[in-house]
Amino acid sequence: MISRLLSAIGNLSPLLRAGIIAGVVVSAAVYPIAAIGGLGIKSTSETLDALPRELTEVPPAQTTYVYANDGETLLTMFYEEYRSYTAIDEISPYMQQAIIASEDARFYEHDGVDTKGIARAFVANTQAGGVEQGASTLTMQYVRMAMRDGAETPAQVQKATEQTNERKAREANLAMSVENDLTKAEILERYLNRAYFGHRAFGIFAAAEIFFSKRPADLDLGEAALLAGLVQAPSAYDPATRDRQAATDRRNWVIDRMAALGYISEENAEREKDRPIELNLTTPRNDCASVPGSNRDWGFFCDMFRNWWVAQPAFGDNPLEREDQLRRGGYHVVTSLDPEIQQISMRHVTSKEGIGSPYAHGAVTIEPGTGLVKAMAVNRTYSLDQAGNGPHSDSRLRGVVTSNYPNTVNPMLGGGGMAGYQAGSTFKWFVLLAALEEGMPLSTRIDSPHQHRSIYPDAGPVSCGGYWCPANASGAMTGNHTMWAGMGKSVNTFFVQLQEEVGADKAVRMAERLGLRWRTEVDQMMADQAENWGPFTLGVSDTDPLEMANAYAVAAADGVYCEPLPVHSIQDPSGEEVTWENSDGDRVEVSAPRCRQEVSEDVARAATDAARCVTGYGAARGSCGSWSTADSVYGMVGRPVAGKTGTTDDNRTAWFIGYTPELSVASFTADPDNPFNAVGFGRAEQSVQSVSQILRDALAGEPQTDFEPPPGSIVR
């Protein structure tokens, strides 16, 4: 009777045959054989017309690999399902044979549906009184996985995997369609790349790496048989977490099946079965918290990269879609992080303020003219485990709020949602640029008393008669100064008066043009009424070293502003560079620098000439005076260098930003937990020294480039 039934089924159309097969497979354990054919036809004929004719396949989720700028040093990976698509010719023949032997011995003989397998399953299930064997072919299993992976809702997932005649009919019909469209090798390749092997290993690449730390091409007979045996019940046979006897028995069963099918000899099978299972487990990195233990400092750059990614329209319409693309899209990302400059930066930063210090000392390095972020170093360990952190520096919050040292994931160097720190006199940079852009020459002289009664409204403690009355840090700053000397000595009253002449709003807008963003309510409110923001020039706004390094890099690049960029290239799984449509309507690579001429070349060179006075390098076109706030920098760097110091009231923060034509580095020292906690006068030099040493060592052996002097028209 079985042979007559199968013969009849074989003569039917593929669609009707799929319906009957579904009824046979699902019902074999429950109904007598005489009723099977009718049940299959009756239960599926109502839905035959609705069955899909072609498989709509969504590419399986793949792992995104993130490398340093050499394209070889792996920083981390991002994935929901650890998987990397592998071509069939890169998969061990043993693995191909083992999966066929264990899951579908007649794979090369059927057209997607195995009628002999159905008969075998029917007999076994009838004798057992329950479902002991299934009749799904590799092709049908592949269809099921593809439909499950392409589901967009829980209901669709359930529909793709439920035990119903309709699902089986759908699978059978689509399997036959797939067999018409793909070769057996292509079907096997796609199956092995979708199958779940347990232990968070999705696809054969992940399975080979996680269990054996190998590539799929290098799997031997025993390893392939073990992995093939996992597919049916990954948890039950997992040799890493379960009794290995079950895994061994399952592996040996697969080996016996391979021998029975003639893939291997009986002697080889017996020899392999006697070998114990030997694992070489690997735990793949995932996300920024799993960067290598010896390079946990990379986590802060990684976090900045991730925040940059979720802001890019090229990867989706909203942050959730973009995050999904990062974790499922299988991209190959080469970042801008330079491991050598990062190591140099960490060495100099941590030598001055150890990782266990409550004070944060960090530095960010950017390449002028491209915006590429070369290094982000801070005396912290990037880690989610903050249970052993030190006491909070604000006694009122101890035991209530976890401190940020030594472990934190706060983006304290920039690129995230953290407000940052007051940057002190480094903000005089924006007043200087605004004044030069308005046509005021470098030779502009301003009489600068020790204290000045400004035109700006009362600003708290430093007030007199309802106006803001700032003073200089030292009586030695009093006098008549040009922009060169005013910058070199960081004369507060000079820059307050310069801002009065050019307009505070123009200075604020200049800062915004160069990338600064206002993240606190107070800063946002003051930016909205910028014309009255007198203290702006003294750096009362919060910012971060990423923004400040980039703002000063504009002068090093002759006025060209580039958005901070953490990537060199981004390729999709096919190896194509990812592109997007920019604001000009042009199709460009996502990784291409996004630059614009923000200030004129003359203004940029004039600002650099004044900033040279700070470092002891000396101006090309004017006199810096007899001293400056960081005149040791040039001696340490040993090449043309400009920059600016910055401290706030009571030395709560200490900054220095230095740049050469090749690199711009911003460094700070502050207490992120308690902004009112003064770092002290003794730490004011840390940032100066760290920037100088980073520039010196990062550029060692590189050709020296001189700054171009400004034209006479902007000097006088």
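The translational diffusion coefficient of region 428-478, from Stokes-Einstein at 20 °C and 1.002 mPa s with a Kirkwood hydrodynamic radius over alpha carbon pairs, comes to 170 µm²/s.
Order of 493-502, 259-268, 603-612 by packing, highest average Cβ count within 10 Å first? Spell out each step's value before the answer.
Numbers: 493-502: 23.8, 259-268: 13.7, 603-612: 27.0.
Averaged packing, sorted descending, gives the order 603-612, 493-502, 259-268.
If you look at the Cα atoms of the chain, you get an Rg and a Dmax of 34.1, 112 Å. Computed from backbone phi with θ = phi - 60° and the Karplus coefficients 6.51, -1.76 and 1.60, the 3J(HN,Hα) list for region 258-264 is 5, 5, 4, 8, x, 6, 9 Hz; x is used for glycine and proline.
Can you tell me the order of 629-638, 238-247 when each peptide is scored by its average per-residue count of other Cβ atoms within 10 angstrom, highest first?
Details: 629-638: 19.7, 238-247: 15.0.
Descending packing order for the listed peptides: 629-638, 238-247.
Note on Trp468, Trp429, Trp484: ascending count of other Cβ atoms within 10 Å places them as Trp468, Trp484, Trp429, the fewest first. For region 456-463, backbone phi angles converted through the Karplus equation (6.51, -1.76, 1.60; θ = phi - 60°) give residue-by-residue couplings of 8, x, 2, 10, x, x, 8, 9 Hz, Gly and Pro being listed as x.
For Ile88, what charge total do you get from the other residues with a beta carbon under 11 Å from its beta carbon, if Lys and Arg give +1 and Asp and Glu give -1? Intermediate values should be presented prior to the final figure.
Working: positive: Lys184, Arg190; negative: Asp89, Glu90, Glu186, Glu189.
Combined, the nearby Lys, Arg, Asp and Glu give -2.
Database remark: amide H of Gly618 closer than 5 angstrom to the amide H of Cys613 (H placed geometrically; neighbours at sequence offset of 5 or more, or on other chains; Pro and chain starts carry no H).
Distant-in-sequence amide contacts of Thr579, defined by a placed amide H-H separation under 5 Å and a gap of 5 or more residues or a different chain, comprise Val590. Taking region 444-459 and a reference point 7 angstrom along Cα→Cβ of Asp649, the backbone N atoms nearer than 12 Å belong to 459. Taking the chain as a whole, each Cys residue has some other Cys C-beta under 4.7 Å from its C-beta. Pairs of Cα atoms nearer than 8 Å and 6+ residues apart set the relative contact order; for region 455-502 it is 27 percent. Phi-derived couplings, Karplus 6.51 cos²θ - 1.76 cosθ + 1.60 at θ = phi - 60°, listed residue by residue for region 501-506: 6, 8, x, 4, 4, 5 Hz, with x used for Gly and Pro.
Values quoted throughout were computed directly from the atomic coordinates according to the rules given, and no laboratory measurement underlies them. The structure displayed is predicted, hence computed values, not measured ones. Positions of Cβ are backbone-derived with ideal geometry, glycine not excepted, and every protein chain shown enters the neighbour counts.
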